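The values are calculated or read from the model by the stated rules, or taken from the named source; none is laboratory data. Fair warning: this is a prediction, and the values are worked out from it, not measured in the lab. Counting neighbours? That spans all protein chains shown, and the Cβs are built from the backbone with ideal geometry, glycine included. Surface areas here come from the heavy atoms of the whole protein model, side chains and all, with no ligands, DNA or RNA. Shrake-Rupley method; radii C 1.70, N 1.55, O 1.52, S 1.80 Å.
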Amino acid sequence: MNILIVYAHPSRKSYTFQVLERLKLALNNEKWNVEISDLYASNFASDMSEEEYEREGFAKTQLTIPADVLAEQEKIEKAGCIIFLYPVWWSDCPAKLKGWFDRVYSVGYAYGQNDTSRKMKTIPYGLVICTAGHPNEFLHEIEIAQSMEKIMLEDRLGKRFAHKEMIILGGTLDLENVMSKHFELINKIPQKIKKIL
């Protein structure tokens with residue numbers, strides 16, 4: 001089993017980093033191959049260059065794909081499950097992760113395929129995990145949770161994933177009261193993966 005974690009948080013002091021460490025422990029107990037794309041640690045370029053826009057904006061699939069994007073696409077092709085882990089900032093993922101989608105989901109690969117392009121494989125399972133300051137109940141009440149689910153699951157993951165799910169680890173402003181419940185959810189993730197794969 002090959003698991004890819006696309007992780008986006010700049011600080012090792014963050015709660016999101018604690019979640020990553022707990023997730024790694026849970027997955028490593030299964031002896032699976034776990035690869036992490038740490039977008040901040042690797043200084044992944046989130047901004048599309050003018051050359052990339054020329055390729056993307058005009059569907060010029062014959063133009064070169066940058067090496068860092070190709071490297072991420074290779075990780076996707078090896079994965080049976082991709083987990084996206086990030087904090088909720090202004091009702092969405094950090095710009096670094098949004099930029100990953102902008103660049104890695106290149107034309108001819110993730111959409112707009114033609115006879116000469118390599119099509120992204122369908123990933124069996126996509127799991128989105130995000131940490132949020134507000135409790136889940138409040139995020140649902142103000143319909144931010146539904147908005148985040150719609151964008152991540154229906155657009156960014158879309159039909160590229162056979163099964164997809166989002167776990168919002170909300171209420172982190174009151175961390176002492178939610179952490180154990182969150183870590184219980186994280187510990188159950190290997191079972192979720194096994195059920196699907």
Backbone N within the range 144-173 under 18 Å of label point (7 Å from residue 191 Cα along the Cβ vector): 165-168
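Would you calculate, for the chain, the mean residue ellipticity at 222 nm contributed by helices, counting each DSSP H stretch of 4 or more residues as -39,500 (n - 2.57) and dividing by all residues, to the nearest 500?
Values: 8 runs with 77 residues, N = 197.
Theoretical 222 nm ellipticity from helices: -11500 deg cm²/dmol.
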Convex hull around the C-alpha positions of the range 1-142: the volume in Å³ per residue is 134 Å³
Determine ³J(HN,Hα), in whole Hz, for all residues of the range 106-120 in sequence, where each value follows from phi through the Karplus function 6.51 cos²θ - 1.76 cosθ + 1.60 and θ = phi - 60°; x replaces Gly and Pro. 6, 5, x, 9, 8, 7, x, 5, 9, 5, 9, 9, 8, 7, 4
Got a sec? Which residues in the range 21-44 would a label at residue 74 touch, if it sits 7 Å along Cα→Cβ and we count backbone N under 16 Å? 35-38
Which whole-percent values make up P(r) of the range 156-197 when all C-alpha to C-alpha distances are grouped in 5 Å steps starting at zero? 5, 19, 22, 19, 17, 12, 7, 1
Accessible area per residue in Å² at 1.4 Å probe, computed on the chain: 52 Å²
Over the range 99-145, with a single point scatterer placed on each C-alpha, what log10 of the ratio I(q)/I(0) does the Debye formula yield at q = 0.21, 0.32 1/Å? -0.80, -1.12
In the chain the accessible area split gives carbon plus sulfur, as whole percent at 1.4 Å, a share of 51 percent
Packing rank of 98-105, 49-56, where each peptide gets the mean count of other beta carbons within 10 Å, highest leading: 98-105, 49-56
The range 15-90, convex hull of Cα, quarter of hull surface, nm² -> 6.9 nm²
Global form of the range 92-197, assessed from the alpha-carbon gyration tensor, a/c cut-off 1.5: prolate
Post the alpha-carbon centroid distance, the range 85-117 to the range 165-197, in whole angstrom. 24 Å
For residue 128, residues with placed amide H under 5 Å, excluding near neighbours: 84, 165, 166, 167
Under 13 Å between alpha carbons, and skipping anything fewer than 8 positions from residue 98 in its own chain: which aspartates and glutamates qualify? 47, 155
Give 119/181; 13/96; 13/119 a once-over and call out the pairs whose C-alpha atoms are over 29 Å from each other. 119/181; 13/119
